[in-house]
Amino acid sequence: MANVEILGAKPRVESIQSGIDPAARTKIAESLAEILSATYSLVVKTHVHHWNVVGPLFHSLHEMLEEQYGELFEATDLFAERIRALGFPTPVPAISVQPAAREMGAEEIVEDLIADHEAAVRVMRQAALNAEDQKDVVTHDMLVARMEWHEKTIWMLRAVITK
């Protein structure tokens, strides 16, 4: 009988007493859930672009995008685990990728990804500032590190299409 009870355990909202106000934890977890969904969407889009890039930049972009979707996938785990550490079940990410992503030329692919990375930085910056205001330095620092990676990725992508 004990095994049935153990196997029946389910994630739930937990009361975490780590010095972050419960309402602030909720708000931070909600912003991380949005970032998780956007990151998963960017993983899928980057992977689709990786598969479909053609032309003289094929090899360099194909390899660059493979590194990027791998890094993005690892980041989803960071966001999901931080939501859990804040005491909330991790939501199922809402993924949104337009079908046009599979029909773009190399320059369009790079411009498309730059726009998504820039959007990610804007959202993360606001979430980091909100976390800092609530004295959640762990989430703040995690988001700062992720913004640093996205900004470097934007620089690398821009370098590919600079004329």
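The values are calculated or read from the model by the stated rules, or taken from the named source; none is laboratory data. Bear in mind the structure is a predicted one, so any value in this text is a computation, not a measurement. Neighbour counts run over all protein chains shown; Cβ positions are idealised from the backbone, glycine included. Accessible surface is based on the protein model in full, side chains and every heavy atom, while ligands, DNA and RNA are left aside. Shrake-Rupley method; radii C 1.70, N 1.55, O 1.52, S 1.80 Å.
The single condition among (1) more than 27 Å from Trp51 (Cα to Cα); (2) over 12 Å from the mean Cα position of the chain (by Cα); (3) surrounded by fewer than 19 Cβ atoms within 10 Å (Cβ to Cβ) that Leu86 does not meet is (3).
Does Gln98 satisfy the condition of being within 14 Å of Ser31 (Cβ to Cβ) and surrounded by fewer than 19 Cβ atoms within 10 Å (Cβ to Cβ)? Give the steps one after another, and end with the answer.
Numbers: within 14 Å of Ser31 (Cβ to Cβ): no; surrounded by fewer than 19 Cβ atoms within 10 Å (Cβ to Cβ): yes.
Answer is no for this residue.
Of the residues Met104, Met124, which single one is hydrophobic (A, V, I, L, M, F, W, C) and within 18 Å of the chain's Cα centre (by Cα)? The conditions single out Met124. Kindly check whether there is at least one residue in the stretch 41-59 that is within 19 Å of Asp112 (Cβ to Cβ), touching a His at 6+ places or on another chain (Cβ under 8 Å) and open to solvent by 60 Å² or more (accessible area, probe 1.4 Å). For the stretch 41-59, residues within 19 Å of Asp112 (Cβ to Cβ), touching a His at 6+ places or on another chain (Cβ under 8 Å) and open to solvent by 60 Å² or more (accessible area, probe 1.4 Å): absent.
Going through Val144, Val110, Val160 one at a time, which residue ends up being outside any loop (DSSP other than H, G, I, E, B), touching a residue at least 40 places away in the same chain (Cβ under 8 Å) and either open to solvent by less than 20 Å² (accessible area, probe 1.4 Å) or closer than 30 Å to Gly19 by Cα (or both)? Before the answer, list the steps.
Details: Val144 fails: touching a residue at least 40 places away in the same chain (Cβ under 8 Å); Val160 fails: either open to solvent by less than 20 Å² (accessible area, probe 1.4 Å) or closer than 30 Å to Gly19 by Cα (or both).
Step by step, each of Val144, Val110, Val160 is checked, and only Val110 is outside any loop (DSSP other than H, G, I, E, B), touching a residue at least 40 places away in the same chain (Cβ under 8 Å) and either open to solvent by less than 20 Å² (accessible area, probe 1.4 Å) or closer than 30 Å to Gly19 by Cα (or both).
From (1) touching a Ser or Thr at 6+ places or on another chain (Cβ under 9 Å); (2) within 23 Å of Leu32 (Cα to Cα); (3) of a type outside the set (Lys, Arg); (4) open to solvent by 70 Å² or more (accessible area, probe 1.4 Å), pick out the condition that doesn't hold for Glu74. Of the numbered conditions (1) touching a Ser or Thr at 6+ places or on another chain (Cβ under 9 Å); (2) within 23 Å of Leu32 (Cα to Cα); (3) of a type outside the set (Lys, Arg); (4) open to solvent by 70 Å² or more (accessible area, probe 1.4 Å), the odd one out for Glu74 is (1). Here Ala115 meets each of (1) within 15 Å of the chain's Cα centre (by Cα); (2) modelled with pLDDT under 95 with one exception, condition (2). Of everything in the stretch 87-106 that is of a type outside the set (A, V, I, L, M) and in a helix (DSSP H, G or I), the residue that is modelled with the highest pLDDT is Glu103. Scanning the stretch 23-37 for residues that are among the basic types (Lys, Arg) and buried (at least 23 other Cβ atoms within 10 Å of the Cβ) returns a single hit, Arg25.
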